[in-house]
Amino acid sequence: MSECYHIELTLSYRRFKKSQIVVASSKSVFTIDENEREKHIEEATEALQILENELKGKFFGGEEINFVDIAAVFIAFWIPLIQDIADLKLFTDEKFPKLYNWSQELLNHPVVKENLPPRDPLFAFFKARYDGLFAASK
């Protein structure tokens, strides 16, 4: 496929990811109202299912990482982090086996692995925000 096609596909995935997955998954964690939270979990689940259905190989580009994989790193790195903070089961290997395997391959790729931020300080920061939000709502 041409490089222009890959760039356009990447831009489409980035718009899709930002508009549906990023917003819905973040709101599923940081929304106090239980009904609203469930709505956001459902939206994120539907968006993740679309990506699950689109993944045809080891990576979105086949056997090699491409722009789409890089644009979708939020799914592999951030969703597991925020679901651990809120004790959600949003992105699991049972619900999304192909996408989950993709995330593990991506996170363990040497280039990706050396450029990701350390998880523990991020977890501590966002866990404190999460706990503070819910403590203030009581």
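The values are calculated or read from the model by the stated rules, or taken from the named source; none is laboratory data. As the structure is a computational prediction, the values presented were derived from the model and not from experiment. Backbone-built Cβ (ideal geometry, glycine too); neighbour counts: all protein chains shown. Ligands, DNA and RNA are excluded from the accessible area calculation, which covers all protein heavy atoms including side chains. Shrake-Rupley method; radii C 1.70, N 1.55, O 1.52, S 1.80 Å.
Which value, in debye to the nearest 20, describes the size of the charge dipole of the chain about its Cα centre when Lys and Arg Cβ atoms bear +1, Asp and Glu Cβ atoms bear -1, and nothing else is charged?
Working: 17 positive and 22 negative charges, 63 e Å.
Once rounded to the nearest 20, the dipole reads 300 debye.
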Just check the stretch 91-138 against the gyration tensor rule for me: Cα atoms, a ≥ b ≥ c as the square roots of the eigenvalues, rounded for a/c under 1.5, and otherwise prolate or oblate depending on whether a/b exceeds b/c. oblate
I need the GluC sites (Glu not before Pro) found in the stretch 30-129, filtered to DSSP loop residues with at most 11 other beta carbons within 10 Å of theirs. 63, 64, 94
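Determine the per residue accessible area of the chain with all protein chains present and a 1.4 angstrom probe, expressed in square angstrom. Don't jump to the answer; show the numbers that get you there.
On the way: 8180 Å² over 138 residues.
Accessible surface, normalised per residue, equals 59 Å².
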R0 of 22 Å, Cβ-Cβ distance residue 49-residue 23: FRET efficiency to nearest 0.05: 0.85
Answer label for Cα extents along the principal axes in Å (calculated), chosen among (i) 54, 30, 27; (ii) 40, 39, 33; (iii) 102, 34, 17: (i)
May I ask for the angle, rounded to the nearest 10°, between helix 97-108 and the longest principal axis of the chain, with both axes built from Cα atoms and the value confined to 0 to 90°? 80
Between residue 66 and residues 5 or more places away or on another chain, which pairs have amide H atoms under 5 Å apart, with H built 1.01 Å from N, and which residues are they? 60, 61
Taking 0.36 nm per residue of separation and subtracting the Cα-Cα distance, what length does fully extending residue 36 through residue 94 add? 18.5 nm
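In whole percent, what relative contact order does the stretch 73-138 give with Cα contacts below 8 Å and a gap of six or more residues? Spell out each step's value before the answer.
On the way: 33 pairs, mean separation 24.0, N = 66.
After rounding, I find 36 percent.
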Can you give the accessible area of residue 31, probe radius 1.4 Å, in Å² rounded to 10? 30
I'd like the carbon and sulfur percentage of the solvent accessible area for the chain, probe radius 1.4 Å, heavy atoms only, ligands and nucleic acids excluded. 56
